[in-house]
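*Asks:* Before I ask anything, here is the structure I am working with.
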Amino acid sequence: MFRRITATALTPAVPIRALLPILPFPRRLQSTTAMASETPMEDAIRTKVTEALSPSRLEIFNDSHKHSHHKAMQGSTSRETHFRVVITSEAFRSKMQPARHRLVYGLLRDEMAADGGIHALQLRTLTPEEEERQKAKEEADKA
């Protein structure tokens, strides 16, 4: 009923990547119905920060696995409780670090208040100029 396709069934002249568009299944699962994300907190952080701050750089690191053994995390089923976030945005211009952090905390208020939500959020907020100065300093230190 089903035909098994093996690597030997493909001709060596045609790479598998070239066949992906014609395979009967999508390369990435996409559905018109709402599928539950495996990283809803990370997705919420990315969406809210992107919409509000239009960052030129946004890096989100889920460090929850490093803290799962802490007493406060005992009994928590969430795998998204501790995040480290680096944001570079023009929106931070003329704002001191505390004001930048309050801005991000305000965006993520609901995620931080939710049961099993964000427990710890480490922020690094930069303007594009600050990021450029930092890169220049790091390169000068390497030389």
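*Asks:* Tell me which helices (runs of 4 or more DSSP H) are completely within the stretch 67-143 and hold 2 or more residues being open to solvent by 100 Å² or more (accessible area, probe 1.4 Å) and at pLDDT 90 or above, or say none if there are none.
*Replies:* Of the helices (runs of 4 or more DSSP H) lying wholly inside the stretch 67-143, those with at least 2 residues that are open to solvent by 100 Å² or more (accessible area, probe 1.4 Å) and at pLDDT 90 or above span 109-113, 128-142.
*Asks:* Could you tell me which residue of the stretch 32-56 is modelled with the highest pLDDT, considering only residues that are part of a loop (DSSP other than H, G, I, E, B) and under 23 Å from Gly116 (Cβ atoms)?
*Replies:* Here the answer is Thr39.
*Asks:* Then there is this: Is it the case that Ala140 is among the hydrophobic types (A, V, I, L, M, F, W, C) and in contact with a helix residue (DSSP H, G or I) (Cβ under 8 Å, 6 or more places away or on another chain)?
*Replies:* No: the conditions fail for Ala140.
The values are calculated or read from the model by the stated rules, or taken from the named source; none is laboratory data. Model, not experiment: these values are computed from the prediction. Cβ coordinates were reconstructed from backbone atoms using ideal geometry, including for glycine residues, and neighbour counts include every protein chain displayed. Just the protein is used for accessible areas: all its heavy atoms, side chains included, with ligands, DNA and RNA removed. Shrake-Rupley method; radii C 1.70, N 1.55, O 1.52, S 1.80 Å.
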